[in-house]
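The values are calculated or read from the model by the stated rules, or taken from the named source; none is laboratory data. Since we're looking at a predicted model, the values are computed, not measured. Ideal geometry is used to build each Cβ from the backbone, glycine not excepted, and the neighbour counts take in all protein chains shown. Areas reflect the complete protein model, heavy atoms only, side chains present, ligands, DNA and RNA absent. Shrake-Rupley method; radii C 1.70, N 1.55, O 1.52, S 1.80 Å.
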Amino acid sequence: MSDQCDTRTEELRTQVFDLMGRCVLNLQRYELAMKGFLSLSVLGGNTETWKTNLLKRQSHYSSKTLGQLIGDFTGSYLLREGDTDPDSATNDALIPEPMLPEFETRIGLNVNQDEYQTLLDDLAYLVATRNELVHHFLERFPLDDQDSCQQAIDYLETVREMLKSHMERLQSWDQARVRGMSALKDFLRSPEFTAWIKFGFIPGHNIDWPSTVVVHVLKRAEAMLSEDGWTDLSLAIEAIKDKNPSLTPKAHGCVSWRNLLHTSGLFDIRRERGQGENSITFFRSR
């Protein structure tokens, strides 16, 4: 009878070892998937730097523990409805004008308050479960008899199902990220995006003048050409035509440069009589 009990206990222990191995491996799979997801949740730079930036993010997450990964996820990716991305605010005044056009894509998951708290609790429990498996499992389940082994098996089966649910949810988030990136790629190839890069607005839509390329170029011309706070418009036009020939008043729905300055509402304009019947138009930023 004792031999039979010992044999049964060993069989149950073997099941425990098998389930424990599966759970630990699934935890590692989840950690690797989370590292990949977080690495790709933000992409940015220019044509020369974005790959290096991605490698830096991958390196940053490579040594993170599950708890640290979850902390980064809940701190920078998970948003409640109405929240803003805490990493999205920047001080433009401190950013020098880039030599090459730069971009940044940032992915976020917006949930309502109840979903937010539920997800926080689920992820906190996941981290706690991982710590118990790695550090305290034998304290809770000594595996010295059949009852202890069976309790461990029941617990590990529950953990395995939980890990499966977490992995499926993470995979669904990553699939949504892939779909979003695919849609973004389609947009980047579109005429609308080409126009937005060139002009800072999409033709047919209302123009947000402070965001337009032409306004930035005019302000740059001011910085180089102004005297006593005023800039000769003809000199600014020459500078613009030299480097940005596509930036014309017509492209912005205006009949002249003076009309463009007036329509934008961002500049003061004055005219002075020049030689003969000619006049000179000056402008300055408001």
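Modelled spin-label separation between residue 124 and residue 17, with each label point placed 7 Å from Cα along the Cα-to-Cβ direction: 3.7 nm. Rounded to the nearest Hz, the phi-derived 3J(HN,Hα) couplings of the stretch 119-133 under the Karplus curve 6.51 cos²θ - 1.76 cosθ + 1.60 (θ = phi - 60°) are 5, 4, 5, 4, 5, 5, 5, 4, 5, 4, 5, 4, 5, 5, 4, where x marks glycine and proline. Treating each Cα of the stretch 213-286 as one equal point scatterer and applying the Debye formula with no solvent, the log10 of I(q)/I(0) at q = 0.12, 0.13, 0.16, 0.25 Å⁻¹ comes out as -0.29, -0.35, -0.53, -1.27. Solvent exposure of the stretch 226-285, expressed per residue, is 64 Å² of accessible area, with all protein chains present and a 1.4 angstrom probe.
Need one number: the % of Cα-Cα pairs in the chain sitting beyond the 34 Å mark. Here the tail beyond 34 Å accounts for 49 percent of pairs. How high is the FRET efficiency from residue 154 to residue 177, r the C-beta distance, R0 25 Å, rounded to 0.05? Between residue 154 and residue 177 the formula returns 0.10.
Report summary: the helix-based calculation at 222 nm, which adds -39500 (n - 2.57) for every DSSP H run with n ≥ 4 and divides by the residues of the chain, gives -20000 deg cm²/dmol.
Note on residue 161 and residue 48: the model spin-label points, each 7 Å out from Cα along the C-beta direction, lie 5.7 nm apart. In degrees, nearest 10, range 0 to 90: what is the angle between the Cα axis of helix 233-243 and the longest Cα principal axis of the chain? Between helix and principal axis, roughly 50 degrees. Taking each residue as 0.36 nm, the span from residue 270 to residue 241 lengthens on full extension beyond its C-alpha to C-alpha distance by 8.3 nm.
Helix 146-188 versus the longest principal axis of the chain: what angle, 0 to 90°, nearest 10, using Cα atoms? Relative to the chain, helix 146-188 is tipped by roughly 20 degrees. Between residue 202 and residue 280, the C-beta separation translates, for a Förster distance of 41 Å, into a calculated FRET efficiency of about 0.75.
Per residue, the Cα convex hull of the stretch 99-225 amounts to 198 Å³. Between helix 50-62 and the chain there is an angle of about 30 degrees, using the helix long axis and the longest principal axis of the Cα atoms. Taking 0.36 nm per residue of separation and subtracting the current Cα-Cα distance, fully stretching the chain between residue 251 and residue 184 would add 21.6 nm.
Computed from the C-beta positions of residue 194 and residue 109, the FRET efficiency with R₀ = 25 Å rounds to 0.25. Separation of the stretch 161-239 and the stretch 241-286, taken as the distance between their Cα centroids, equals 24 angstrom. Pairs over the 20 Å Cα-Cα cut-off, from the set 35/164; 35/185; 185/219; 185/250: 35/185; 185/219; 185/250. Take the solvent-accessible surface of the protein heavy atoms, probe 1.4 Å, and return the percent of it on the chain that carbon and sulfur atoms account for. Reported share for carbon and sulfur atoms: 51 percent.
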